[in-house]
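See below for the structure under consideration.
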There are 4 protein chains.
Amino acid sequence: MCRWLAYAGEPLQPSTLILETKHSLVAQALNSPLGFETVNGDGFGIGWYGKDAAPGAPPALFHSIEPAWHDENLRELTQAIESPLFLAHVRAAAGPPIQKTNCHPFRHGHWLFMHNGALAHFLRMRRDLMLEIDPELFPHVRGTTDSEVLFLLAVTHGLQEDPVAGLGRAIRRVEEVAQRHGIADAVQGTFAVSDGRTLWAFRYSTAHRSRTLFHSVDMTSLKEMYPANDRLEVFGAKARVVVSEPLSDLPGAFVEVPESTVTILDADDFRTEPFLAG
Amino acid sequence: MCRWLAYAGEPLQPSTLILETKHSLVAQALNSPLGFETVNGDGFGIGWYGKDAAPGAPPALFHSIEPAWHDENLRELTQAIESPLFLAHVRAAAGPPIQKTNCHPFRHGHWLFMHNGALAHFLRMRRDLMLEIDPELFPHVRGTTDSEVLFLLAVTHGLQEDPVAGLGRAIRRVEEVAQRHGIADAVQGTFAVSDGRTLWAFRYSTAHRSRTLFHSVDMTSLKEMYPANDRLEVFGAKARVVVSEPLSDLPGAFVEVPESTVTILDADDFRTEPFLAG
Amino acid sequence: MCRWLAYAGEPLQPSTLILETKHSLVAQALNSPLGFETVNGDGFGIGWYGKDAAPGAPPALFHSIEPAWHDENLRELTQAIESPLFLAHVRAAAGPPIQKTNCHPFRHGHWLFMHNGALAHFLRMRRDLMLEIDPELFPHVRGTTDSEVLFLLAVTHGLQEDPVAGLGRAIRRVEEVAQRHGIADAVQGTFAVSDGRTLWAFRYSTAHRSRTLFHSVDMTSLKEMYPANDRLEVFGAKARVVVSEPLSDLPGAFVEVPESTVTILDADDFRTEPFLAG
Amino acid sequence: MCRWLAYAGEPLQPSTLILETKHSLVAQALNSPLGFETVNGDGFGIGWYGKDAAPGAPPALFHSIEPAWHDENLRELTQAIESPLFLAHVRAAAGPPIQKTNCHPFRHGHWLFMHNGALAHFLRMRRDLMLEIDPELFPHVRGTTDSEVLFLLAVTHGLQEDPVAGLGRAIRRVEEVAQRHGIADAVQGTFAVSDGRTLWAFRYSTAHRSRTLFHSVDMTSLKEMYPANDRLEVFGAKARVVVSEPLSDLPGAFVEVPESTVTILDADDFRTEPFLAG
């Protein structure tokens, strides 16, 4: 029900992608051609890992319930910092109240998580799903979104040891609970997970009709394709973006992430694997 | 740059028009087919005269910088009160910051004022226009919009004695100052003014290409046209709405207010007169 | 951790008690001589029943996370309405985030509830207490406070049929869960409950050392004591206030509500009964 | 009417001084023993120069109208950044509305300015003082505080060429305008000005009874005085703080800035000079 963007690569001012491109995340907040909702004005969040931070250091968060397009703190902040890995999100609320504790990304330890999509009929499943969360983690539920519950469910199921397996098991649990309640097409979404070194970007829905997700092609190729494009100069050779919708109209710059896959980016590698595809 | 609505008639819950009709003001905030901007998410305001208030009692104000579509206080408030005359406004900011002091309607004594449109190149004219405000009124400038300056300029020029003449003289002053600065098409807008008994709704622009404005037809006729329409039952015989865009798709329910006119509504009368038409 | 005030009697502008007395609720927000915290700046709420509302009609709510002392909407609203029964609350957050869904009073159907105090070590008990809530009511948990959980637990245990018994049973359940967790002195508080006709004001803590609570003496006596006091003229003969701290320094105007009691006010009656006193 | 703090020295997490010391700025917001008001809950601001920023690069700003003590973004941000020179401010509003555009510090180009105190009877002088602002600068007036007007008046009078002379001339102009209006004791305050390399901290009032201001002693001496104090380890040898009230109770750590002086800090120098002392 939202739009999101994740970046990994050389340290970058987040404003470059969030504010300054033609179809930047903030531009998408006001007008999202591929979104389920046209307007995503119900909160903004960014989580970023520090440029000089020690491995395992927790990322910082900025959450705001002002519409992203007129939030001056967001503008100042995303120009003042540089980060080698950040996740940003604009929300179109589907029910849960507009409050900072419902803004993505969510953080647990040094992990970040964000989600575009929904768990079907979440209010009917909410109690059962909250019971599935590890009691030790229960006090960490700070908001009232389906996304946060899914995240803590994935942590319960081992996300911190193996993000792909952990999120996969959590989604399967949601689908089982949904079935018990007679709810079809339980899970719908694109998901981003990071530990500060690696970025996992998932596209999955129970009905195999997920929201859109794209990743940028590798920057060296892109610069060869568009040698005269000054706007690309700011990006390093390792820069990669995964995003709900292409940030630009440059043909060839963005590639769709396939249904039921996970795309994994880190400093040395970029690959896409099947996810709950069976 | 905004959308507005004014109601006069039998006491009515403002939510009826602001939240519940098909193209209610809040629906227009999210999607305004006739608006200059599609999204009007940069603040909301309502000013209302009390049902039992003494003549000359000041109206109450509610201003919010949350987008109107998710503001629960707005929802609660506009259902809890009834008012025989209220003005409501959703803002799409054209420059001045998003803050309550920049939200319409503006109040002076028992007068209310709101505006959709803009003074061209306001920042270039701002100092000169503020100097034109009666020094006694200068401390009343609380925000930084062109609209508030125009309102206090109209008060300076006698709006409280004669709203049509007062606003007319203020607009002419703006046009003169604009000319001195080499600014064309200085004034653009639709304006609502009220003292709690009468409602004046203006449509005027220097270039004679104003934003849209409509008024509802008289309720007795409308009910005759649509005898089976239950939604009309809530409205009394004197109910009238003036609004930036029709609130419904009922053919014949709304009539366009002509360019360079003022529509005047009070308990006994409804008439349209020329305004700065010469 | 907060301050609250409840009024029942002839319809009254809430601003009279919330803003205008010497130790008004908003004055207490800035400086509370008897409070556990000196400053109560973490949110405000008012719930009010309409002057002309039908029996059983739900009350309206206004919640704000701005400090009460500079909230202009609060000032406007509490002067614009009149209500025969309202509950108002200023919050000093003890942990749960500052957000409107954590502001008191809470509403369920046509019932209101608010609380000053705390459940000890709530985060350790939260999961068990949420499980005690009727699964049908679980989706109504909108915030993350101990107070809201206690309210829905009381609804689970029959508050809507018998508020004294319902809240009593809920408190006993909390004390049992606390004992299981090795938590002493589980419940601490003063509580207000209303259905729009009757107001119940409780003072209770497991350790029998509850926060302060006072009620005003009957208005006829008070006016006889202070015949020259113009400020009392605004109050009708049935006006009663229950409040965390006296609103004025008038000797004899406020009487302390005893430990382990409930004070019950309605149109015809005023009485105090033991509550969980055994 | 406020409390402020300015730091210059080795790059430092602002949270160290804003959140973590015993009498940190946020602690002072809740309880300011030396302040004119006890509570400073009407907005927060920080302006910081980047650690790696080029000379002359503008500082970043974060302004918030939430009380500083519960603002999670403030907590996250001031831990995520490091800065060699920052200014931070908590506001207790004396009249002008609570809005971000009224939060200190104010920025013009690469200059920052903040103020604790007031211009007496500002509303009576406001029009005349705004007219004194260079018309080219007039559009930069974004809020409605006396402090911002004084800052732009100082820019008008050459602050960017010579901060001491520029602010001095601006204060003299205010005193002249005040005299014309029959207003005594026109200026009252402590002021901080910076260009990113140097910090000027002024203490001045027309009546020579200014608000308190302190600077820390040099860090090498302080560490010698308190060799066992671990909390000092985070500070480099050049670290200096100027602040409305001492941040700690360490005897000898803070020295009062004398009336009618300016303290000037930069990388190589620390000195105090007379200011408008004649």
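Using the Kirkwood formula on the Cα atoms of the range A:233-278, what hydrodynamic radius do you get, in angstrom to one decimal?
12.5
What are the label-to-label distances in nm, one decimal and shortest first, from B:GLU233 to the same spot in the other copies, with labels 7 Å along Cα to Cβ?
4.5, 7.0, 7.7
Can you give the accessible area buried between chains C and D, summed over both chains, with a 1.4 Å probe, in Å² to the nearest 100?
On the way: alone 11860 and 11840 Å², together 22930 Å².
When C and D are taken together, about 800 Å² of accessible area is lost.
Nearest the rotation axis from C to A, which residue of chain C has its beta carbon, and at what whole-angstrom distance?
C:GLN99, 2
Using the alpha-carbon atoms, what tilt in degrees (0 to 90, nearest 10) does helix B:146-156 show relative to the longest principal axis of chain B?
It is inclined by approximately 80 degrees.
Mind checking the range C:189-268 for GluC sites (Glu not before Pro) that DSSP puts in a loop (not H, G, I, E or B) and that have at most 11 other Cβ atoms within 10 Å?
Details: sites: C:GLU224, C:GLU233, C:GLU256, C:GLU259; in loops: C:GLU233, C:GLU259.
When the GluC sites (Glu not before Pro) of the range C:189-268 are filtered for loop state and at most 11 Cβ neighbours within 10 Å, C:GLU233 remain.
Hey, what angle do you get for helix A:122-132 against the long axis of chain A, alpha-carbon based, 0 to 90 degrees rounded to 10?
The helix A:122-132 is inclined about 80 degrees to chain A.
Probe 1.4 Å, all protein chains in place: accessible area of A:ASP218 in Å², nearest 10?
The accessible area comes out at roughly 50 Å².
How many nm is it between the label spots at A:ARG172 and D:ASP268, if each spot is 7 Å from the Cα in line with the beta carbon?
Here the modelled spin labels are 6.9 nm apart.
So which trypsin sites (Lys or Arg not before Pro) in the range C:133-224 pass both tests, a DSSP loop state and at most 12 other Cβ atoms within 10 Å of the Cβ?
Numbers: sites: C:ARG142, C:ARG169, C:ARG172, C:ARG173, C:ARG180, C:ARG197, C:ARG203, C:ARG209, C:ARG211, C:LYS223; in loops: C:ARG142, C:ARG197, C:ARG209, C:ARG211.
Those satisfying the criteria are C:ARG209.
The range C:107-153: which residues show an accessible-area loss of 20 Å² or more, assembly versus chain alone, 1.4 Å probe?
C:ARG107, C:LEU123, C:ARG126, C:ARG127, C:MET130, C:LEU131, C:PRO135, C:PHE138, C:PRO139, C:VAL141, C:ARG142, C:THR144
Which value, in Å², gives the accessible area per residue of the protein assembly as shown when a 1.4 Å probe is used on the protein heavy atoms? If you can, show how the numbers build up before the last one.
Numbers: 40280 Å² over 1112 residues.
Result: 36 Å² per residue.
Note the distances from C:PRO139 to each other copy's matching label point, with points 7 Å along the Cα-to-beta-carbon direction, in nm, sorted shortest first.
3.0, 5.3, 5.4
How far, in nm to one decimal, is D:ASP162 from itself in the other copies if the label point is set 7 angstrom along Cα toward Cβ? Shortest first, please.
Nearest to farthest, the other copies are at 5.6, 7.4, 8.5 nm.
Roughly how many whole Å is it from the C-alpha centroid of the range D:140-169 to that of the range C:226-265?
52
For each pair in B:LYS100/C:LYS100; C:LYS51/C:LYS238; A:LYS51/A:LYS100; A:LYS100/B:LYS100, compute the distance between the two Cα atoms and list the pairs where it is over 23 Å.
Working: B:LYS100/C:LYS100 18 Å; C:LYS51/C:LYS238 15 Å; A:LYS51/A:LYS100 25 Å; A:LYS100/B:LYS100 20 Å.
Check vs 23 Å cut-off fails for A:LYS51/A:LYS100.
With axes computed from alpha carbons, what is the tilt in degrees of helix C:163-180 against the longest principal axis of chain C, rounded to the nearest 10 within 0 to 90?
Computed tilt is about 40 degrees.
Please give, to one decimal in nm, the separation of the simple spin-label points placed at B:GLU10 and D:HIS121, each 7 Å out from Cα toward the Cβ.
Each label point lies 7 Å from its Cα, and together they span 5.4 nm.
Name the residue from C:SER194, C:ALA154, C:THR272 whose Cα lies farthest towards the positive end of the charge dipole of the range C:121-278, charges +1 on Cβ of Lys and Arg and -1 on Cβ of Asp and Glu.
C:ALA154
What part of the accessible area of the range B:125-235, given as a whole %, is carbon or sulfur when the probe is 1.4 angstrom? Walk me through the numbers on the way to the answer.
Numbers: 2070 of 4380 Å².
On the range B:125-235, the fraction of accessible area on carbon and sulfur atoms equals 47 percent.
The values are calculated or read from the model by the stated rules, or taken from the named source; none is laboratory data. Quantities reported herein were computed from a predicted structural model and do not represent experimental measurements. We place every Cβ from the backbone using ideal geometry, glycine too, and count neighbours over all the protein chains shown. Side chains included, ligands, DNA and RNA excluded: accessible areas come from the protein's heavy atoms. Shrake-Rupley method; radii C 1.70, N 1.55, O 1.52, S 1.80 Å.
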